[in-house]
Amino acid sequence: MNFNNLNKFYIISLILILIFASCDSNTVYDKYLSVRTEWNKNNILEFEVEITDTTSLYKYFINIRNSTDYKFRNIYFFLNTQFPDGRRARDTIECILASADGRWLGSGLRDIKSNRILLKNKIKFPQTGIYNFKLEQAMRVDNLQGIEDVGIRIEKE
């Protein structure tokens with residue numbers, strides 16, 4: 001191999017290693033939905049997750065991407081869960097996006113910050129089947145500005 005081919009080989013190898021290292025075999029579900037411009041209180045975000053293993057322990061996260069133009073340091077959600085057997089549960093959740101002194105807690109270089117907030121840890125899903133999760137903003141404003149994307153992530157412990 002000449003010097004140029006050797007450099008290309010190392011670069012391609014590094015890229016492949018990074019791609020495979022970023023794959024997370026513990027991830028069961030990870031999806032964002034866009035709420036760009038503004039999030040109307042009637043715009044309910046829906047996620048359908050199939051659970052096939054009721055013996056494992058799971059972590060449940062809410063993912064939020066917000067702009068630095070977001071006017072609050074927190075966000076409240078209503079989380080509505082429908083179990084495979086039709087039962088329902090409703091929770092109110094607060095997620096802190098900025099410290100008391102106004103510094104954004106998420107990662108990101110410019111005006112968009114990403115947060116992965118652990119909601120529940122070491123949980124078991126009681127049934128196999130499709131779980132329906134609905135998130136709605138509960139901030140007492142009809143049109144919430146500055147939230148870009150919201151998602152959920154479920155992974156095995």
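Summary table
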| item | result |
| --- | --- |
| Cβ pairs under 8 Å, 6+ apart, first in region 96-119 and under 15 Å from residue 149 (Cβ atoms) and among the basic types (Lys, Arg), second outside any strand (DSSP E or B) and at pLDDT below 95 | 113/68; 113/105; 113/106 |
| Among residues of region 95-130, those that are in a strand (DSSP E or B) and aromatic (Phe, Trp, Tyr), counted | 1 |
| Single match in 40, 74, 80 (criterion: under 18 Å from residue 140 (Cα atoms) and in contact with a Cys (Cβ under 8 Å, 6 or more places away or on another chain)) | 74 |
| Of all residues making up region 26-58, the number that are in a strand (DSSP E or B) and more than 15 Å from the chain's Cα centre (by Cα) | 5 |
| Residue within region 109-116 that is within 22 Å of residue 48 (Cα to Cα) and β-branched (Val, Ile, Thr) present | no |
| Odd one out for residue 138, checked against (1) over 19 Å from residue 30 (Cα atoms); (2) within 15 Å of the chain's Cα centre (by Cα); (3) aliphatic (A, V, I, L, M) | (2) |
| Residues of region 58-95 classified as among the aliphatic types (A, V, I, L, M) and free of Cβ contacts under 8 Å to residues at least 12 places away in the same chain, total | 1 |
| Subset of region 26-43 [surrounded by 13 or more Cβ atoms within 10 Å (Cβ to Cβ) and within 20 Å of residue 147 (Cβ to Cβ)] | 30, 31, 32, 33, 34, 35, 38, 39, 40, 41, 43 |
| Checklist (1) in contact with a Phe, Trp or Tyr (Cβ under 7 Å, 6 or more places away or on another chain); (2) part of a strand (DSSP E or B) applied to residue 134, failing item | (1) |
| Residue list for region 90-111, filter: aliphatic (A, V, I, L, M) and surrounded by fewer than 17 Cβ atoms within 10 Å (Cβ to Cβ) | 93, 96, 100, 105, 109 |
| Selection count, region 45-60, where residues are within 23 Å of residue 147 (Cβ to Cβ) and loosely packed, with under 14 Cβ neighbours inside 10 Å | 2 |
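The values are calculated or read from the model by the stated rules, or taken from the named source; none is laboratory data. On a predicted model such as this, the values are computed, not experimentally measured, just so you know. Note that we place each Cβ from the backbone using ideal geometry, even for glycine, and neighbour counts take in every protein chain shown.
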